[in-house]
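Laboratory data are not the source of any read-out in this text; all were calculated from the coordinates shown. Computed from a predicted model, the values in this text were never measured in an experiment. So basically every Cβ, Gly included, is an ideal-geometry build from the backbone, and we count neighbours across all protein chains shown.
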Amino acid sequence: MESDSSSGWQGKGALEELMRERIRTTIEGIIEEELVAALGAARSQRSGLVRVGYRHGKRSRTLTTSLGPTTIAMPRARLEGEDGRRREWRSAIIPRYQRRTERVDEAILGVYLSGTNTRRLRGALAPLLRGAPLSKDAVSRLVGRLREDFAAWAQRDLGELKIRYLFLDGWYPRMRIGKKRVRVPVLVTLGVCADSRRVVLDLRLAGVESADAWLDAVRSLGARNLGAPLLAVVDGNPGLAAALKVQWPQIALQRCTNHKLWNLLAKAPAHLREELAEDYRRMIYAESREAVEHAQIAFARKWKLRCKTVSASFEEAGAELFTFTAFPTSQWKALRTTNALERSTRNSGGGPKPRLRSPARRRCCSCCSASCAAARLLCAAWSAGTT
């Protein structure tokens with residue numbers, strides 16, 4: 001008769017309990033290795049002058065991991081410095097007062113910034129927290145730490161990135177301020193490095209997508225040692241183009257071909273829109289630079305006769321609509337439009353919208369928190385691809 005070797009671990013939650021037990025053993029083993037390295041000797045080992053301290057007991061510490069709270073035995077020790085003074089040993093792996101792993105903190109922040117209050121947050125994360133304490137002050141500290149991380153990220157040096165291409169556009173996610181849901185302009189700057197890596201360079205809230213706002217954003221890139229890029233892909237905002245030329249006079253500008261198509265369709269009568277779109281796409285997606293130039297001449301000549309408003313809008317873009325043809329044909333698809341940026345913002349905004357629940361006097365801090373959440377989502381979405 002066969003026996004069930006797992007009979008001692010049957011029932012609901014048995015697998016999680018087994019995993020938590022192994023996690024406890026693993027964590028204690030890692031901490032033990034850290035302590036041995038700090039002391040210069042293992043437990044009860046006689047090592048002469050190599051030893052720089054001694055153990056003095058253990059204390060219990062509850063650490064909430066992705067499998068719930070786990071109680072570990074945290075060793076204690078005193079280290080002797082070169083000056084002869086003794087100090088208490090502190091683990092760098094599990095710092096003092098840490099009660100949750102980073103992954104758990106990220107889950108708490110994600111749920112909170114999606115618009116869930118602290119009471120509902122505890123209910124939503126009950127399977128993860130499993131009774132572990134979570135106070136309003138703890139959530140506030142996490143949000144404050146996120147603001148600090150975002151501030152450091154927004155001021156980091158960009159000199160080593162070797163950015164070749166910039167993609168800049170305004171993003172208008174919906175946010176809840178008080179009892180109203182409004183669209184808040186966020187100025188987004190993305191970059192492509194020489195090795196094809198994609199990097200989110202800057203993300204900032206703006207009262208309005210104006211020339212001054214874009215000038216501040218572009219100047220901050222220069223102040224953070226961003227070298228002159230070869231090309232900037234923009235949507236046609238005149239203030240943005242002017243700001244780029246002020247900072248980098250030699251930079252080439254590429255007008256987003258999709259934005260221009262939408263503008264042309266808005267100018268055309270309904271019965272001409274399908275024909276206009278076909279002619280435009282035939283011109284933009286031609287296979288060679290010469291073919292694009294021939295199609296451009298034909299398009300301009302035809303639509304100057306068919307619809308003057310379409311012709312005027314097309315001429316307004318000028319040569320900046322075809323800057324991509326000066327680059328290798330293998331890069332045309334990526335350089336013609338700001339689609340990559342818009343896909344990133346769409347992906348990062350597809351989930352729950354950051355909710356600003358505070359009154360007006362705390363609105364600035366809440367906007368900062370929402371920006372932090374949006375930045376993290378946007379970084380993940382943009383960095384997932386390569387050009």
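Kindly put MET283, MET19, MET74 in sequence by how many other C-beta atoms sit within 10 Å of each C-beta, fewest to most. If you can, show how the numbers build up before the last one.
Details: MET283 22, MET19 15, MET74 18.
Ordered from fewest to most neighbouring Cβ atoms within 10 Å, MET283, MET19, MET74 come out as MET19, MET74, MET283.
What is the spin-label model distance, in nm, from GLU102 to ALA211 if the labels are put 7 Å beyond Cα along the C-beta direction?
In this crude label model, GLU102 to ALA211 measures out at 4.4 nm.
Can you put ASP137, ASP105 in order, fewest other beta carbons within 10 Å first?
Listed from fewest to most nearby Cβ atoms, that is ASP137, ASP105.
Between beta-carbons, use under 15 Å as the cut-off and find the net charge around GLN250, counting Lys and Arg +1, Asp and Glu -1.
+1
Taking amide hydrogens as modeled 1.01 Å from N in the peptide plane, which residues meet the under 5 Å criterion relative to ASP169, leaving out close sequence neighbours?
VAL188
Hey, which aspartates and glutamates would be in cross-link range of LYS304, C-alpha to C-alpha under 15 Å, not counting anything within fewer than 8 residues on its own chain?
GLU275, ASP279, GLU315, GLU316
Average the reciprocal distances over every distinct pair of alpha-carbons in the stretch 194-236, invert the result, and give the Kirkwood radius in Å. Don't skip to the answer; put the middle values down first.
Numbers: mean 1/r = 0.0826 Å⁻¹.
One decimal place: 12.1 Å for the Kirkwood radius.
Compare the peptides 151-163, 254-266 by average per-residue count of other Cβ atoms within 10 angstrom and give them in order, highest first.
The most tightly packed comes first, giving 254-266, 151-163.
Between THR329 and ALA277, take the C-beta separation as r, use R0 = 22 Å, and let me know the FRET efficiency to the nearest 0.05.
Computed FRET efficiency for THR329 and ALA277 comes out at 0.45.
Please give the Cα centre distance for the stretch 304-332 versus the stretch 181-242, rounded to the nearest Å.
So the separation of the two Cα centres works out to 23 Å.
Would you mind putting 193-199, 61-67 in packing order, based on average other-beta-carbon counts within 10 Å, highest first? Write down the numbers at each step before the final one.
Working: 193-199: 14.1, 61-67: 17.1.
The peptides rank, most packed first, as 61-67, 193-199.
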